[in-house]
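Worksheet for the structure shown next.
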Amino acid sequence: MTQNKPIAVLVGATGDFGKAISVRLAAEGLRIVAVGRTQESLEALKKDVPGLETCVADISDDSSIDAIKAALDGPVQLAVHGPGLAAPGHVTELAPDALAASVNIKAGGMLRLTRAVDSHLMEGARLVGIAGHYGLEPTDYACAAGVANASLIALMRQLSMAYGPRGISAHTVAPGPADTPRLHRIAEVRARDNGTTPEEVLEHMKADSSLKTLVTPEQVAWAVASLLAPEAIATTGTVLSLDGGRRRGMP
């Protein structure tokens, strides 16, 4: 691997979004440093992304800062934080500790990633947080996802203010419900709670979209890669919504 290539650090690389983002960014010519909790899952990802570099770290713990920092040996152009959360729980039932854990992973994890890459960030670098639709459109049945993603959105705006003077921008990408195995597992839980079927739950989710579709991991990967364009710096602090026409409010 050529060390003079800019680096993209990706937390959550072994998830559905992470895999698609890794493939896309590698095609853009970046070195990929994939961060995951186990070497086994990272080795599996290397089959799809030849030359992938790995870093075993738990982004929910402060030890991940030094672990990621030790894996870097060149300029970082892109730092992407996209770990998944557990299946949603209803606001009347979710344990407070589970809510705190979700915020720790989403917002706390993004802050840890930023601390780890800070000294390697090149001018024009991008900090990217993968949030989600429920951070903008809260629902009672997805309490943790809504609160954790809303906290990440707020943090990314704060980071845009702090890093802007260095020519570094911060962005949130907020996909709507995505057609992934994780969403199908969520549909099973909701179907069981509501006395319906997973297929009906998924059709209801599609109906919320003006396109009557779900988002794909490849669309999320496109959005992240589009932020590499020099012109994208003008969108710092903002949210790129990939909701398929689900939002009804303004703006």
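Looking only at residues in region 101-143 that are assigned to a helix (DSSP H, G or I) and more than 18 Å from the chain's Cα centre (by Cα), the one that is farthest from ALA178 (Cα to Cα) is SER119.
Candidates LYS19, LYS5: the one that is touching a residue at least 40 places away in the same chain (Cβ under 8 Å), assigned to a helix (DSSP H, G or I), open to solvent by 20 Å² or more (accessible area, probe 1.4 Å) and basic (Lys, Arg) is LYS19. Of the residues that make up region 188-205, is at least one within 20 Å of the chain's Cα centre (by Cα) and either free of Cβ contacts under 8 Å to residues at least 60 places away in the same chain or open to solvent by less than 60 Å² (accessible area, probe 1.4 Å) (or both)? The answer is no, given that none of the residues of region 188-205 is within 20 Å of the chain's Cα centre (by Cα) and either free of Cβ contacts under 8 Å to residues at least 60 places away in the same chain or open to solvent by less than 60 Å² (accessible area, probe 1.4 Å) (or both).
Quickly run through region 52-67 and pick out the residues that are polar (S, T, N, Q) and surrounded by fewer than 17 Cβ atoms within 10 Å (Cβ to Cβ). Correct list: SER63 only.
The residues on offer are SER60, SER41, and the sole one that is polar (S, T, N, Q) and part of a helix (DSSP H, G or I) is SER41. Could you give every pair whose Cβ atoms fall below 8 Å, whose first residue belongs to region 226-251 and is touching a residue at least 24 places away in the same chain (Cβ under 8 Å), and whose second residue is among the basic types (Lys, Arg) and open to solvent by 30 Å² or more (accessible area, probe 1.4 Å), counting only separations of at least 6 or pairs across chains? Filtered contacts from region 226-251: GLY237/ARG157; SER241/ARG247. Applying the criterion of being within 14 Å of the chain's Cα centre (by Cα), farther than 21 Å from GLU218 by Cβ and not polar (S, T, N, Q) to the residues of region 147-187, the residue that is surrounded by the fewest Cβ atoms within 10 Å (Cβ to Cβ) is ALA150.
The residues of region 76-110 that are out of contact with any Leu (no Cβ under 7 Å at 6 or more places or on another chain), of a type in the set (Val, Ile, Thr) and surrounded by 17 or more Cβ atoms within 10 Å (Cβ to Cβ) amount to a single one, VAL103. Scanning region 35-51 for residues that are open to solvent by less than 10 Å² (accessible area, probe 1.4 Å) and more than 21 Å from ILE105 (Cα to Cα) gives LEU45, VAL49. LEU10: closer than 26 Å to ALA148 by Cα and in a loop (DSSP other than H, G, I, E, B), yes or no? Criteria not met by LEU10. Out of all the residues in region 83-95, is one or more farther than 30 Å from GLU188 by Cα and not in a helix (DSSP H, G or I)? No - not one qualifying residue is present in region 83-95. Would a scan of region 221-234 turn up a residue that is open to solvent by less than 60 Å² (accessible area, probe 1.4 Å), under 20 Å from ALA178 (Cα atoms) and among the hydroxyl-bearing types (Ser, Thr, Tyr)? Yes, region 221-234 contains at least one residue that is open to solvent by less than 60 Å² (accessible area, probe 1.4 Å), under 20 Å from ALA178 (Cα atoms) and among the hydroxyl-bearing types (Ser, Thr, Tyr). Among the residues of region 62-98, those identified as touching a residue at least 40 places away in the same chain (Cβ under 8 Å) and charged (D, E, K, R) are ASP62, ASP66, LYS69, ASP73.
The values are calculated or read from the model by the stated rules, or taken from the named source; none is laboratory data. Being a predicted model, the structure only gives us computed values, none of them experimental. Here Cβ is always computed from backbone atoms with ideal geometry, including for glycine, and neighbour counts include all displayed protein chains. Remember, those area values only see protein heavy atoms, side chains included, never the ligands or the DNA or RNA. Shrake-Rupley method; radii C 1.70, N 1.55, O 1.52, S 1.80 Å.
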